[in-house]
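What follows is a short report on a single structure.
The values are calculated or read from the model by the stated rules, or taken from the named source; none is laboratory data. Model, not experiment: these values are computed from the prediction. FYI the Cβ positions are ideal-geometry reconstructions off the backbone, even for glycines, and counts take in every protein chain you see. When the accessible area is computed, the model is the full protein with side chains, heavy atoms only, and any ligands, DNA or RNA have been set aside. Shrake-Rupley method; radii C 1.70, N 1.55, O 1.52, S 1.80 Å.
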Amino acid sequence: MNPDGWLAAYRTAWIERDPDAAAALFTEDATYLEQPYGQAFVGPQGVRDYWAGVTAAQADVEVRYGTPVNSGNRTAVEWWVTLTNDGAPITLAGEFMLTFDEAGLCQSLREYWH
């Protein structure tokens, strides 16, 4: 899977709030750092557990990406999301820093959002 394919699959997983689909995009030893000073979620199960909790109250999710910047096995991309969380409208802007393995699965995800 190339970075564009990965991003499309991640977007679909978020829109459908599908923690299993999100987890399937990560390597067994992947790290997913949702906050710069937080503790990373590890491996597909860590991603799945995080996603199951964080997306449970979300609805009406729309995800847009900027133009990805790729260098070797690394990709950086801005994103924008609108959703409702427990019925409240939310708009988020953020950025992913991604590292991929040779099969196109994510080895590390660091995100910054506001």
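When segment 84-114 is examined, which residues are found to be open to solvent by 70 Å² or more (accessible area, probe 1.4 Å) and among the charged types (D, E, K, R)?
Within segment 84-114, 86, 102, 110 meet the criteria.
For residues that are more than 15 Å from residue 101 (Cβ to Cβ), without any contact (Cβ under 8 Å) to a residue 40 or more places away in the chain, open to solvent by 50 Å² or more (accessible area, probe 1.4 Å) and of a type in the set (A, V, I, L, M), tally how many sit in segment 9-28.
Going through segment 9-28 one residue at a time, the tally reaches 0.
Being free of Cβ contacts under 8 Å to residues at least 60 places away in the same chain, surrounded by 14 or more Cβ atoms within 10 Å (Cβ to Cβ) and over 15 Å from residue 3 (Cβ atoms): is that true of residue 58 here? Please lay out each step first, then the result.
Values: free of Cβ contacts under 8 Å to residues at least 60 places away in the same chain: yes; surrounded by 14 or more Cβ atoms within 10 Å (Cβ to Cβ): yes; over 15 Å from residue 3 (Cβ atoms): yes.
So residue 58 fits the description; yes.
Which one of these does residue 108 not meet: (1) more than 22 Å from residue 23 (Cβ to Cβ); (2) in contact (Cβ under 8 Å) with a residue 40 or more places away in the chain?
Unmet condition: (1).
For segment 71-114, name all the residues that are under 22 Å from residue 2 (Cβ atoms) and among the acidic types (Asp, Glu).
Scanning segment 71-114 gives 78, 95, 101, 102, 111.
Only one of 75, 31, 67 is hydroxyl-bearing (Ser, Thr, Tyr), open to solvent by 30 Å² or more (accessible area, probe 1.4 Å) and within 13 Å of residue 111 (Cβ to Cβ). Can you tell me which?
Details: 75 fails: open to solvent by 30 Å² or more (accessible area, probe 1.4 Å); 67 fails: within 13 Å of residue 111 (Cβ to Cβ).
Unique residue meeting the criteria: 31.
For the list (1) hydrophobic (A, V, I, L, M, F, W, C); (2) touching a residue at least 40 places away in the same chain (Cβ under 8 Å); (3) open to solvent by 70 Å² or more (accessible area, probe 1.4 Å), I need the number of the one condition that residue 81 fails.
(3)
Scan segment 10-20 and tell me whether some residue there is at pLDDT 95 or above, touching a strand residue (DSSP E or B) at 6+ places or on another chain (Cβ under 6 Å) and small (Gly, Ala, Ser).
no
Mind checking which residues of segment 34-55 are small (Gly, Ala, Ser) and either touching a Leu at 6+ places or on another chain (Cβ under 9 Å) or open to solvent by 80 Å² or more (accessible area, probe 1.4 Å) (or both)?
Keep residues of segment 34-55 that are small (Gly, Ala, Ser), which gives 38, 40, 43, 46, 52-53.
Matches in segment 34-55: 40 only.
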